[in-house]
1. Pull up the stretch 10-47, narrow it to residues that are touching a residue at least 60 places away in the same chain (Cβ under 8 Å) and among the charged types (D, E, K, R), then point me to the one that is nearest to Trp76 (Cα to Cα).
2. Taking the stretch 546-593 on its own, how many of its residues are farther than 30 Å from Asp524 by Cβ, under 38 Å from the mean Cα position of the chain (by Cα) and not polar (S, T, N, Q)?
3. Which ones in the stretch 439-465 are surrounded by 19 or more Cβ atoms within 10 Å (Cβ to Cβ) and either closer than 23 Å to Ala352 by Cβ or among the aromatic types (Phe, Trp, Tyr) (or both)?
4. Taking the condition outside the structural domain of Leu104 (by TED's automatic domain parsing) and either among the acidic types (Asp, Glu) or modelled with pLDDT of 95 or more (or both), does Ala169 pass?
5. Give Val303, Val364, Val350 a once-over and let me know the one that is of a type in the set (Val, Ile, Thr), at pLDDT 95 or above, within 27 Å of Arg587 (Cβ to Cβ) and in contact with a Gly (Cβ under 7 Å, 6 or more places away or on another chain).
6. Considering only strands (runs of 3 or more DSSP E) fully contained in the stretch 47-163, which possess at least 1 residues that are among the hydroxyl-bearing types (Ser, Thr, Tyr) and under 26 Å from Phe238 (Cα atoms)?
7. Restricting attention to the stretch 286-343, which residues are of a type in the set (A, V, I, L, M), within 21 Å of Ala365 (Cβ to Cβ) and part of a loop (DSSP other than H, G, I, E, B)?
8. Restricting to the stretch 519-545, and then to whatever is under 21 Å from Asn502 (Cβ atoms), in a helix (DSSP H, G or I) and of a type outside the set (Asp, Glu), can you tell me which residue is nearest to the chain's Cα centre (by Cα)?
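The values are calculated or read from the model by the stated rules, or taken from the named source; none is laboratory data. The model shown is predicted, which means the values in this text are computed figures rather than measured ones. With ideal geometry, Cβ positions are generated from the backbone for all residues, glycine too; neighbour counts draw on all protein chains shown.
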Amino acid sequence: MPAPVEYTIRAAHPAAHLFEVTLTLAEPDVAGQVFSLPAWIPGSYMIRDFARHIVSLQAEAGGRAVAAVKDDKHTWRLPAGLRGPLTLRYTVYAWDLSVRTAHLDETHGFFNGTSVFLRAHGFEDRPQRVRLLPPAGLEAAGWRVATSLPEASPEVGGAERYGFGVYEADTYDALIDHPVEMGCFDLFEFEACGVPHAVAITGRHDCDGERLVTDLKPVCEWQIRLFGEPAPMERYVFLVMAVGDGYGGLEHRASTALLCSRNDLPHRGMGAPTEGYRQFLGLCSHEYFHTWNVKRIKPAAFVPYELGRENYTRLLWAFEGFTSYYDDLALLKSGRISRREYLDLLAKTVSAVHKGSGRLKQSVAESSFEAWTKYYRQDENSPNAIVSYYTKGALVALLLDLRLRGESGGACSLDSLMGVLWRDHGQTGVGVAEEGLYAAAAALGGASLGRWLRNLVEGTDELPLEDGLRRVGVKLAWEASVKCPGMGARTTVEGESVKLANVFDGGAAQAAGLSAGDVLVALDGLKVTGKTLDALLARRMAGETVQVHAFRRDELKTFSVILQAPLPDTARLTEAPRCSAAARALREGWLSA
């Protein structure tokens, strides 16, 4: 049996935020062994250059130091002719409290494998064995380990569940797909369709764990049954970091890393779910759905991942958009939220898409392809230039679901398409071709459906939401989110200063010459602050001209702004009380738990 690639990782200097990693190869490449660290992490489509966090690196072979020369920003090459064992020792700076990289202090340690495990080129398909050591200087602190990475066998010092010791993965690709949390976390466990699940919560919190797992269990079971039992993982772990203000998630093949506000977690005595708790459940649902949609059903461009450069695909509208559609729908189907609450959440998605004119300039397919340079690198002009493949992709999924239901009399739906994708791609490992979604839709609903879907995805016209929702007896109406006239801009407050964060195309501010970054000083001679701006505008009428003084950098400028009427920018969805029997039947099939 070939020797595994062996790693040892220790939280060596928690106060300095340094992990210490040792990598050992028994038989390095005699032509010159190459190592590299990924430039990005799957699920977050942006080059992050994780290798910049490697502080120091030394190599030795046969007990003698050897030179490790960098080929590029994330690749090291060792000289030819080396005999094993070859050992690398390196330190990694970990001070990014996010779900994407690594974080370490005296309270906990967290890392994704893409941030800490150098890839030994030529050995990616060998077993990868990792020894997790307790933190230096904190051996008595009671730290534990939460990860979905499988424990190694007892013969090689395999760890006990939630303990330090040896873990292993079949390949390097598997190794970096199991994030690790270590510290004094709270643990809550449950089973979903016979599969063990765990929630590990790090950070100060007062979470009612029993309430949380009672709500998560039916959501997970609904998703497992949607694709069909058995579930594709033997065990699943939710790794939750609770902070004062935060939100985010990143999917993995048998776990997810989540960041949330501690106030969004349920507390004892809480009655109906708060808005924050519904949002957190939706986040859990979203990342869990990725277990199938993107971790196993994935674009052909991701089979395999090329982690040293961008991997372009025009399909993120399906992999993130469809997942964004199902995350809240799963809460409804599992009885966690009401129909009214679901329609309100869906209306928020509709509103989010319509708030930016970028939807009329960039297709959702282009948004997918340009995620690397536009969606993940947004600036002040982004609302005018791009559309989100998450939110618009979710609305494409909605319309596709409703059309499949309508044209089949309820016999077919988006669930049917997901089943086909799971059968043909998720269970086979064959990636979805760039044209594959149109072909799969056409196979279910006919060639015209495939062409219709392509037009939605590749075009920039307004989505036919009213017609699609009318098919199932749901009415879409629009109303203004504010009553006072406005300037067509979004502001942020910094202390007492009011800054223009975004200036929207076609708005009054843009017409008057105001720009993002301008700091508002006065309106008609009266001081503007975060508390006074709305009150000043509320005393004006649409069509009035006001004089606005603003600083652009250190220059004071004056602008004449013709105030505009409040825009109907907020969607509202209601079940139509009067609709056909066919529409009511379709609505029941769509919205019934």
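1. This residue is Asp29.
2. Qualifying residue count, the stretch 546-593: 18.
3. Passing the criteria: Trp452, Leu453, Leu456, Val457, Leu463, Leu465.
4. In short, no.
5. Checking each option against the conditions leaves just Val364.
6. Once the strands (runs of 3 or more DSSP E) in the stretch 47-163 are filtered for at least 1 residues that are among the hydroxyl-bearing types (Ser, Thr, Tyr) and under 26 Å from Phe238 (Cα atoms), what remains is 86-93, 144-147.
7. Within the stretch 286-343, Val294, Val303, Leu315 meet the criteria.
8. Leu533
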